[in-house]
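Have a look at the structure below before the remarks.
The values are calculated or read from the model by the stated rules, or taken from the named source; none is laboratory data. The shown structure was predicted, so the numbers you read here are calculated from the model rather than taken from an experiment. Here the Cβ is made from the backbone with ideal geometry for all residues, glycine too, and neighbour counts use every protein chain on show.
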Amino acid sequence: MPAYVSVAFDVPVDRQWSYRNPDGLDAPVGSRVEASLGRRTATGWVVATGDEVDFDPSLVKPYLRLVDAEPLFGPETLALASWLAGMYFCSLGEALSAMMPSAEREGRRKAGAQGGADSGSFDDVRIATAPLSPSDEQQAALAAVLSKRAGRWYLYGPTGTGKTEVFLEAAEATLAEGRGVIYLVPEIALTRQVEDAVRNRFGDLCSVIHSGLTAPKKLAEWRRVLRGEARVVVGARSAVFAPVKDLGLVVLDEEHEGSYKSGSSPRYHARQVAMRRAASEGARLVMGSATPSVESWRLMTEGGIERLSLSRRLAGGDMPSVEIVDMRVEEGALSKRLIEAVRAVKKEGGQSILFLNRRGFSYFWSCKTCGAELKCRHCSVGMTYHKERARLVCHYCGYQAAPPSSCPECGSLDTGWAGFGTERVEEEAARLFPDMTIARLDADATSRKGVLERTLDDFRDGKIDALLGTQMVAKGLNFPGVRLVGVILADTTLNLPDFRAAERAFGLVTQVAGRAGRFVKGGRVIVQTYRPTSPVLARAAAHDAAGFYGDELAVRRELGFPPYSRLLRVTVRSKDAGQAKSSAAELAGRVAHAAQGGAVDVLGPAECPIAVVAGNARWQIILRSADPAPARSALAAALAGWKAPGAVYVEIDPDPVSLL
């Protein structure tokens, strides 16, 4: 029995603490212990054991309690945690705490609790689907995936072409090989259809792991997976860490989704973790989307991932027609064309979805004559209007300019600020369609238990004529009665001050359009915009993905943005605005000094586009390099020996998906 254990705690300190095994106890690697840490008691992870320590043994205290009768992870998970810590600038303890069920809450539960049949349960949402014979394309895609025991594939095709069935068939074949499966979905509240399909196919072999589970249920499910009782794990981002035995397949559905990126430390991306696990454990990785990320599209075109294409909608519908409406000649939030279309669909007995993208900025500068927007002369990204300063600001490099009195493109004096608020759209819809039942589906609805499921059921049953939704209506919802989708304002995404703005706009319009006409021919999509000549919207309207990605990759290559570079974002925040600004400037200077002579561009410091969050002023520094190693080294050197003032916090985000 080893005398000592090395324990990692969920603290931002890159070290472990040594403790002694009390008489009669033996804490194995992978178990949790409760121990004194400074003046408090904390739960940590045992990451090593031994009979010696490299300092006076009399100073080593015993830990207070062994939490787990059996380890919660093995060598593979520990190796993954070490990689995660190095990749995402966090401690080993922070990495393990992000990967494992919550230590503090679950450690006080019975360690050996068994998971019942409902341990990973979810509220059933009925699905309007019928068994379909696999198409030739589906059979070819499945054969390609199963032709190798390991590799990377991308299942690409419009919504409704049967990607989910290929995923499920691949999972079934993997189980037949005696290997396990992880099936990742972007947001668990929106993917109950996938959960239901997996549960129906695999029964008790399925485990659902996500943040909505209570602490004891999540721990029970984790142990079921660890014991090999559950061999198919379905879940959102954190399920990528599930301790699946003999991992043979990782599915990453809707790969383009930004929710696969963690918003708190460690800021990992599930796609990168999935790639790491598949490579190190000899598993297949199959990703899929109707709108791949630009990074994945480049990998497909250059041979880094094998593309498997699906082109035919299987439920009888065809791709909808997409009409772009010029809002410069309209007065309200809903155009005449959209109003007429909603009323016509109601008369036909169909349903409509009205999509309003709440993310982004409510106000942006726009020429009402030619539709031009202002871009930074240095960064070629949209500039943000700061009303309190009456200035346009670039949040990449800090460049500022006064709003022009006339359009620099066409000289028109008819310029101003564009944007719709959600309240305005709701009020207009209620006034314009008094004989229709309209429901709203947004984050507020999902926060109240049962409201989301009830709304979706009512819409599926035809009790609701029109669904006013935010981004969640673009993500995997599948309703046979939807014949019309209206995009209230595409510009809120197009004008984001982010180099990914075009990618997001194309993806959102394409994904939302995919909700229309899946089961009937003649589906319609109406896209409202102040930029009717936008090439991004033109590509989306023509269902021309290849053209869009070709255009976007050319722009990214010219400007040196991902996927032709790697970004490392540093955010400095404080409730003291002056300290946030000065600390960001000081740190940026240190980074620039450390990066001298290296292949690293240091952009900023500049205010974050969302300059204040929860009372904290926010500034950002962006490191850009062809390879991530030089930027990481420069930042590590800059941080060495530097301590931010007590009221200042520094956040590090490798490969950010958003710079807001």
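Here are a few things to note about the model shown:
- The set of residues in the stretch 204-263 being among the hydroxyl-bearing types (S, T, Y) and buried (at least 22 other Cβ atoms within 10 Å of the Cβ) consists of S207, Y260.
Conditions tested, residue by residue: (1) out of contact with any strand residue (DSSP E or B) (no Cβ under 8 Å at 6 or more places or on another chain); (2) closer than 28 Å to D318 by Cα; (3) assigned to a helix (DSSP H, G or I); (4) in the same structural domain as M275 (by TED's automatic domain parsing).
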site: T161; (1), (2), (3), (4): yes, yes, no, yes
site: T164; (1), (2), (3), (4): no, yes, yes, yes
site: F167; (1), (2), (3), (4): no, yes, yes, yes
site: A173; (1), (2), (3), (4): yes, no, yes, yes
site: I182; (1), (2), (3), (4): no, no, no, yes
site: P186; (1), (2), (3), (4): no, yes, no, yes
site: V194; (1), (2), (3), (4): no, yes, yes, yes
site: V198; (1), (2), (3), (4): no, yes, yes, yes
site: F202; (1), (2), (3), (4): no, no, yes, yes
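- Those residues of the stretch 68-85 which are buried (at least 21 other Cβ atoms within 10 Å of the Cβ) and within 21 Å of the chain's Cα centre (by Cα), in sequence order: L80, A81, L84
The rows are residues; the columns are (1) in contact with a strand residue (DSSP E or B) (Cβ under 8 Å, 6 or more places away or on another chain); (2) among the polar types (S, T, N, Q); (3) more than 24 Å from V225 (Cα to Cα); (4) surrounded by 16 or more Cβ atoms within 10 Å (Cβ to Cβ).
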residue	(1), (2), (3), (4)
R32	yes, no, no, yes
L59	no, no, yes, no
L66	yes, no, no, yes
M87	yes, no, yes, yes
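- If the condition is being in a loop (DSSP other than H, G, I, E, B) and either aliphatic (A, V, I, L, M) or assigned by TED's automatic domain parsing to the domain that holds L494 (or both), then the stretch 625-654 contributes A626, A640, A644, A647.
- Enumeration of residues in the stretch 358-372 that are surrounded by 19 or more Cβ atoms within 10 Å (Cβ to Cβ) and modelled with pLDDT of 70 or more: W365, S366, C367, G371, A372
- Contact map, the stretch 328-351: first residue under 23 Å from R460 (Cβ atoms), second residue surrounded by fewer than 17 Cβ atoms within 10 Å (Cβ to Cβ) and not aliphatic (A, V, I, L, M), Cβ cut-off under 8 Å, separation 6 or more or different chains; pairs are K346/D435; Q351/G462.
- Residue within the stretch 611-623 that is within 16 Å of I652 (Cα to Cα) and free of Cβ contacts under 8 Å to residues at least 24 places away in the same chain present: no
- Test for P563: is it touching a Cys at 6+ places or on another chain (Cβ under 9 Å), in contact (Cβ under 8 Å) with a residue 40 or more places away in the chain, closer than 29 Å to R267 by Cβ and surrounded by 16 or more Cβ atoms within 10 Å (Cβ to Cβ): no
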